[in-house]
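Q: One structure coming up, written as structure tokens, with questions to follow.
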Amino acid sequence: MIEKTITLESIPLLDFLGVENKNINELAQAFPKSRIISRGNEILVKGETPDILQITEILQSLQEHFNQFGRITEENVRGYISQERSDYFPEDSIDGIILYGTKGSPIKPKTVNQQKLVQSVKDNDLVFALGPAGTGKTFVSVALAVRALKNKQVKKIIITRPAVEAGENLGFLPGDLKEKIDPYLRPIYDALNDMVPFEKLKYYLEREIIEIAPLAYMRGRTLHNAFILLDEAQNTTAMQMKMFLTRMGPESKMIVTGDTSQIDLPKNQSSGLKEAVRILNQVNGIGFVELSGRDVVRHKLVRDIIEAYGSKE
């Protein structure tokens, strides 16, 4: 049994706990194996890690609810408990929502080609998503992976990318191998932070339910019952790409994302992504989705920049 303390920021304790502690008692009854104790402006939770993660998320949701509406009812508490325990997101959501982010905002495709990516992943076990920076191919792919994990369609998420230097040499960077590699994986962590609450993400990473690793770590493995994402695939060699694609095991899905206009490989090496698209484009069961400057969802100037560079090629 472990303990965690949640501090209530600028919220009157009586308003939060409810008359005669009815709100907090409602939460305690939903988790009989845990203890929830209020002390001043703090709430102490004792229990097993999975329960504490759920209780923490519910308490955070209740704080946000109070900050927005100025009150909390027992019905609100029951609603957030139900939402946390039935965190299921149907693939055919009428409004196209993939899942809800950590701030409660819906995450869904914003362009036609992003919608095609979602549909292609539904229809195929292996999908190549190609397009320039800012088109959302990685973000949407991570969201689909998180949804599959939440819906218990897979047991783990594996996200990888090649550690190819873009103007820097790994050997000269400070720290151990993980510290050298992490900057290359930063966009993945950023996406996950938008979709998975901090405590739960930490739990997933510590237990390798979500695994983020350089591509070299995939060699020799069979990745089954997993959602696997290869990002920045334009920087794989042909041998690396073949190695990665042949790791796929039963009950798994793979998404390969890349931008063939940003290849950082030495000039004497060809991109494994380009070769894979050429070789596999007629294989049944593999989806190909191409995103363009029209799908850019960053600052409006990014689209103009991509088009300007494209016109000079």
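Q: Which percent of Cα pairs goes in each bin when the distances of the chain are cut into 10 angstrom slices starting at zero?
A: With 10 Å bins starting at 0, P(r) equals 5, 24, 29, 21, 14, 6, 1, 0.
Q: Separate question: Per residue, how big is the convex hull of segment 204-303 when only Cα atoms are used? Give it in Å³.
A: Numbers: hull volume 14.4 nm³, N = 100.
Cα convex hull per residue, to the nearest whole number: 144 Å³.
Q: Then there's this: Can you give me the angle between helix 137-150 and the longest principal axis of the chain, using Cα atoms only, in degrees from 0 to 90, rounded to the nearest 10?
A: Around 50 degrees separate the two axes.
Q: Something else about it: Considering amide H positions built from the backbone, and no H for Pro or chain starts, which residues 5 or more places from Ile228, or on another chain, come under 5 Å of its amide H?
A: Correct list: Ile158, Lys253, Met254, Ile255.
Q: Here is a follow-up. For Lys267 and Phe198, calculate 0.36 nm times their separation in residues minus their Cα-Cα distance, and state this gained length in nm to one decimal.
A: Value of the extension gain: 20.8 nm.
Q: By how many nm would the segment from Ser38 to Met239 lengthen if fully extended, with 0.36 nm per residue of separation less the alpha-carbon distance?
A: Gain in length upon complete extension: 66.6 nm.
Q: Taking only protein heavy atoms into account and a 1.4 Å probe, give the accessible area per residue of segment 190-313 in Å².
A: 58 Å²
Q: Related question: If I fit a long axis through the Cα atoms of helix 177-195 and take the longest principal axis of the Cα atoms of the chain, what angle between them do I get, 0 to 90°, rounded to 10?
A: Rounded to the nearest ten degrees, it is 60.
Q: Follow-up question, since we're still on this one. Can you tell me the alpha carbon radius of gyration of segment 31-151 divided by the globular rule-of-thumb value 2.2 N^0.38 Å?
A: That works out to 1.33 for segment 31-151.
Q: Tell me, in nm to one decimal, what length is gained between Glu48 and Gln29 on full extension, where the rule is 0.36 nm per residue of separation less the Cα-Cα distance? Show your work: numbers first, answer last.
A: Details: separation 19, 0.36 × 19 = 6.84 nm, distance 1.54 nm.
Contour length minus Cα-Cα distance gives 5.3 nm.
Q: Heavy atoms only, probe 1.4 Å: what % of the accessible area of the chain goes to carbon and sulfur, would you let me know?
A: 50 percent
Q: Could you pull out the pairs from Lys22/Lys46; Lys110/Lys200; Lys110/Lys152; Lys103/Lys137; Lys4/Lys152 whose alpha carbons sit more than 23 Å apart here?
A: Lys110/Lys200; Lys110/Lys152; Lys4/Lys152
The values are calculated or read from the model by the stated rules, or taken from the named source; none is laboratory data. All of these numbers come straight from a predicted model, not from anything done at the bench. SASA here: full protein model, heavy atoms, side chains in, ligands and nucleic acids out. Shrake-Rupley method; radii C 1.70, N 1.55, O 1.52, S 1.80 Å.
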